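**Student:** Please read through the structure below; I'll follow up with questions.
Read-outs: derived from the displayed coordinates by stated rules, not from any lab. These numbers were taken from a predicted model, which means no experiment stands behind them. All Cβ positions, glycine included, derive from the backbone under ideal geometry; neighbour counts span all protein chains shown.
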Amino acid sequence: MNIDVLELGPMDNCTYLVSDGTDALLIDPGWDMNYIEHTLTQKKLNLLAVLFTHGHFDHVKDCEPLLRAHHLKAYLEEKDVALSGLPADVLHTYCGEQNFQIGPFAVHIIPTPGHTAGGVCIQIGDAIFTGDTLFPGACGRVDLPSSDARAMRKSLLTLSKLPEDTRVFTGHSYGGQCCSTIGAERMHNPFMRSAIKDEGVIK
Ligand SMILES: [Zn+2]
């Protein structure tokens, strides 16, 4: 499985292109569809699906023409549909934990509310795409509409239980860094450490 990081837009967003050399998935294509189309063409990849970690505008905003051009619907948790502003006919909505087989890709959706109510992490093989839930050494903001700080702590605890060598790919490259591992975050992320420490009292 190849994972290309496309850093696009003025907010250090990371779009991920997951492929097996033939088929591809896109995660959080929010900006610069011309560049994304060019990349797909250059790599001769067949785009099978688009998945969103959550509905914030900077993760979704310019994707509609891409979806229509490829006759695709984007996977988005239903609690973030209104937030996304996207029309229903370009969305494949779902609720809660899911397993999707999309071509050769086994996709596990883990609900991780906290940054937004419908925020999810997307697990494919040994990689997890954490959107704005988990960053290297940090977590996403919980002071936005539909944020929930307590839910974020539970979500960080859920992520902490994944295998330590799980590769983490985050929704922005704040500070130039967008990748980590669950093991590194368990060791060094103060928000995840605090959630683990309080496991017995987190409800
Ligand atoms: Zn966000």
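**Student:** Once the Cα atoms of helix 33-42 and of the chain are each reduced to a long axis, what angle between those two axes, in degrees from 0 to 90 to the nearest 10, is obtained?
**Tutor:** Between the helix axis and the principal axis of the chain, the angle is about 70 degrees.
**Student:** Would you mind getting me the FRET efficiency between THR22 and ASP126? Use the beta-carbon distance for r and R0 = 22 Å, nearest 0.05.
**Tutor:** E between THR22 and ASP126, to the nearest 0.05, is 0.65.
**Student:** Quick check on the chain: helices-only [θ] at 222 nm, where DSSP H runs of length 4 and up contribute -39,500 (n - 2.57) each and the sum goes over total residues. Nearest 500, please. Please list the in-between numbers first.
**Tutor:** Working: 7 runs with 51 residues, N = 203.
For the chain, the value works out to -6500 deg cm²/dmol.
**Student:** Mind checking which lysines have their C-alpha under 21 Å from LYS154, skipping anything on the same chain fewer than 8 residues away?
**Tutor:** LYS79, LYS197, LYS203
**Student:** Please state the relative contact order of segment 2-197 as a whole percent: Cα pairs under 8 Å, 6+ residues apart?
**Tutor:** Working: 447 pairs, mean separation 30.1, N = 196.
Relative CO of segment 2-197 lands at 15 percent.
**Student:** Okay, moving on. Would you mind classifying the chain by shape? Square roots of the alpha carbon gyration tensor eigenvalues, ordered a ≥ b ≥ c; an a/c under 1.5 is rounded, otherwise it is prolate if a/b is larger than b/c and oblate if not. Write out the running numbers ahead of the final one.
**Tutor:** Details: a/c = 1.73, a/b = 1.47, b/c = 1.18.
In terms of gyration-tensor shape, prolate.
**Student:** For the charge dipole of the chain, defined by +1 on Lys and Arg C-beta atoms and -1 on Asp and Glu C-beta atoms about the Cα centroid, which residue among LEU66, TYR35, PHE169 has the Cα displaced farthest towards the positive pole?
**Tutor:** PHE169
**Student:** Based on the mean of other beta carbon atoms within 10 Å per residue, what is the order of 65-73, 15-23, most packed first?
**Tutor:** On the way: 65-73: 14.7, 15-23: 18.4.
The densest-packed peptide leads the list: 15-23, 65-73.
**Student:** While we're on this one: Charges only on Cβ, +1 for Lys and Arg, -1 for Asp and Glu: so what's the dipole of segment 80-203 about the Cα centre, in debye to the nearest 20? Working shown, then result.
**Tutor:** Details: 10 positive and 12 negative charges, 76 e Å.
Using only the charged Cβ atoms, the result is roughly 360 debye.
**Student:** Then there's this: Taking the Cα atoms only, what angle lies between the long axis of helix 149-160 and the longest principal axis of the chain, rounded to 10 degrees?
**Tutor:** 80
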